Structure formats: structure tokens, C-alpha cells
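Below you'll find the structure, written out as C-alpha cells, and then a few comments.
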Amino acid sequence: MKLVRFGLPGEEQPGVWLDPAPDRSQPMILNVRAMAFDIEDYNAHFFSHHGLERLTNLLREKNRKLIPAQGLRLGPPVARPGRIICLGKNYVDHAREFDSKVPASPILFTKANTALNGPFDPIILPRGAAIVDGEAELAVVIGRETRQATCENALEAVAGYTVLNDVTDRTAQRADGQWFRGKSPDTFCPLGPYLVTHDEIPDNNRLRLISKINGVALQDGKAADMIFKIPFIISFISATITLLPGDIIATGTPAGIGSARKPPIVLKAGDVIETIVEGIGHQISRVTADQA
């Protein structure tokens, strides 16, 4: 299944994306709330109360409530999560282009959940942010409370996967000596368009990650090149930190970030950045300047 949330910012409703099929010429969205009013949103309650199984049953019903997807805004496919946990330098080539130090264990940081943005919404550059990168990442959505997972059972905790653009203000990141402020400005976490359920992705290592600015490819890597693979990441975090339903884990970005290039290619107002994880989704975001 491809879970989506559609509607105006702050007013999104849960849906299931249905690609064109012999009986329909355009994408449609299953209007979940119209069929099950108690499914308020894709949040912790949904994931922890058999929400995915309920969606499967709704899709089997004869009188499904479908609406055309064309023209509808898509928001982040997960309602504001409690945590967005991220990995730094989880690809060898990116670690080397960043500061040449390849980590011996996962480097964890967080992004503020107020940074969440729709997959096609504008990215707004804060005033004074002169060096801003986009980073294509495969994100994992946790589906159940998880503590002390093993590498062997860690994927049982995964509800699905989505695309995350870890937009970063490098000036703030370097000035602070830590990453939270530079990673967390409003709109700096485009997510989606879909949450693709775990059963649709038999091998997450095969996924390809791509970013483009104004049509020019910058990043092109494979999840197989991660230093720390997803089962180990979940095991590592949950050894001491309980993961909760709806938590998001961003698994790192491959080499090719714009600020590491010569000359640098950094985001500026008017640019269009595309963030792609093949088999998961394709974001397109226009960059604008803060007018406040």
C-alpha cells in the first residue's frame, strides 16, 4: 500500500494512493476517513492499533470511497511524529566528502518535527542561510513500540518506508558545533509523497537514492552502500531508547552533496530540487526566500 495524507497544511486527511488500473485512467485516493471515521490520521494511535490491517480490509470493500488525486495537495504521509531520528555520515563516500572521518558506530541526531514539509511544498530559506544543501534519504517509519530489537527481528518493527530530504543550513551547523539548529528550520524536512508499506519492499538494500537541482543530478547512490544497515540501526537505537509507533528514522545520505562540490552548488531562491528513492517516491520542491 501507498499511504498518503491529502489536504491543506494542518488539515490533511488519511488516504491510500491507487495508481491507474484497467478500471481507472488516473490515480485515485481511497478516502479513508469517509469509510472509517475513527481513523483520524496516520499517527501513533493508528500504527499501534492495527491501522495497516484495517486499511487492507477497506481496500477489499466493494463500495470504496475514491476521489481523483489530480489537483490535491499531498502533505507528509505521517502525522507529526514524536521524533525524527537521523544518521550522520552513514555512507563512506559521503563521510569522506564531509570531513573524511568514517564513523565506527552510528552518529545520531534529530530534526525538529516542526521542520516537516509536504513533498511538493516550497522549501523556505531562512535569512542569512547562505550555504544550504539538500540530502536524499531513505526514511523508515516505525510501526510498533520497540525496545532492544535484534538485527534478526528489527524489520518486524517497520511499518514502511518514505522519502526524506534532510535539508541542512551548513552555516548554522558549523557555527554551533552540533547539528540540531542547522537541520531544523521550518520546511527543512520534506517527507513523502508516500509511505510505502514494508510488505511492498522485499529488499530495502536495492533502493536507489537520487537528488537533482534544476534537473542536474548531484547524488546517485544505493541503500546497499550504507555503512550501518537498517536492521542494525533499529537494534542500535532501541538498545537504550524505546522507539514508538510513528517515529521516523532517516538513514543517511549518499555522496554528492552540493556544498562539497567545486565550485559548490548550494540551494538558492528559485531553484527546484528533486529527491528520489526509486520504488518509494519522488519529491519536487521549489526553493524560496523567507519573506517574513
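Within the stretch 92-112, track down each residue that is among the hydrophobic types (A, V, I, L, M, F, W, C), part of a helix (DSSP H, G or I) and touching a helix residue (DSSP H, G or I) at 6+ places or on another chain (Cβ under 8 Å). Write out each step before concluding.
Initial filter on the stretch 92-112 (among the hydrophobic types (A, V, I, L, M, F, W, C)): 92, 95, 98, 102, 104, 107-109, 112.
Restricting the remaining residues to those that are part of a helix (DSSP H, G or I) gives 92, 95, 98.
Listed by number, the residues that qualify are Val92, Phe98.
Exactly one of these conditions fails for Thr110: (1) hydroxyl-bearing (Ser, Thr, Tyr); (2) out of contact with any strand residue (DSSP E or B) (no Cβ under 7 Å at 6 or more places or on another chain); (3) in contact (Cβ under 8 Å) with a residue 24 or more places away in the chain. Give me its number.
Of the numbered conditions (1) hydroxyl-bearing (Ser, Thr, Tyr); (2) out of contact with any strand residue (DSSP E or B) (no Cβ under 7 Å at 6 or more places or on another chain); (3) in contact (Cβ under 8 Å) with a residue 24 or more places away in the chain, the odd one out for Thr110 is (2).
Out of the residues in the stretch 243-278 that are assigned to a loop (DSSP other than H, G, I, E, B) and among the aliphatic types (A, V, I, L, M), state the one that is farthest from Ser100 (Cα to Cα). Can you show your working first?
First pass over the stretch 243-278, keeping only residues assigned to a loop (DSSP other than H, G, I, E, B): 244-247, 251-257, 261-271, 278.
Still in the running and among the aliphatic types (A, V, I, L, M): 244, 255, 257, 265-267, 269.
Working: Leu244: 33, Ala255: 12, Ile257: 14, Ile265: 20, Val266: 20, Leu267: 23, Ala269: 30 Å.
Selected residue: Leu244.
Output the residues belonging to the stretch 279-292 that are farther than 24 Å from Asn43 by Cβ, of a type in the set (A, V, I, L, M, F, W, C) and not in a strand (DSSP E or B).
Across the stretch 279-292, the qualifying residue is only Ala292.
Identify all residues within the stretch 25-45 that are without any contact (Cβ under 8 Å) to a residue 40 or more places away in the chain, within 16 Å of Gly71 (Cβ to Cβ) and either assigned to a strand (DSSP E or B) or in contact with a strand residue (DSSP E or B) (Cβ under 7 Å, 6 or more places away or on another chain) (or both); write none if there are none.
Asn31
Can you report the number of residues in the stretch 169-191 which are touching a residue at least 24 places away in the same chain (Cβ under 8 Å), in contact with a Gly (Cβ under 6 Å, 6 or more places away or on another chain) and not hydrophobic (A, V, I, L, M, F, W, C)?
Pass one, the stretch 169-191, residues touching a residue at least 24 places away in the same chain (Cβ under 8 Å): 169-172, 178-180, 183-191.
With in contact with a Gly (Cβ under 6 Å, 6 or more places away or on another chain) added as a condition, the list becomes 169, 172.
The next check asks that each one be not hydrophobic (A, V, I, L, M, F, W, C); those that pass are 169.
Selection size over the stretch 169-191: 1.
For the stretch 92-120, which residues satisfy the criterion of being within 30 Å of Gly7 (Cβ to Cβ) and not charged (D, E, K, R)? Working first, answer last.
Just the residues of the stretch 92-120 that are within 30 Å of Gly7 (Cβ to Cβ), to begin with: 110-120.
Within the stretch 92-120, Thr110, Ala112, Asn113, Thr114, Ala115, Leu116, Asn117, Gly118, Pro119, Phe120 meet the criteria.
Each reported figure results from applying straightforward, stated rules to the coordinates on display, with no laboratory input. On a predicted model such as this, the values are computed, not experimentally measured, just so you know. Neighbour counts run over all protein chains shown; Cβ positions are idealised from the backbone, glycine included.
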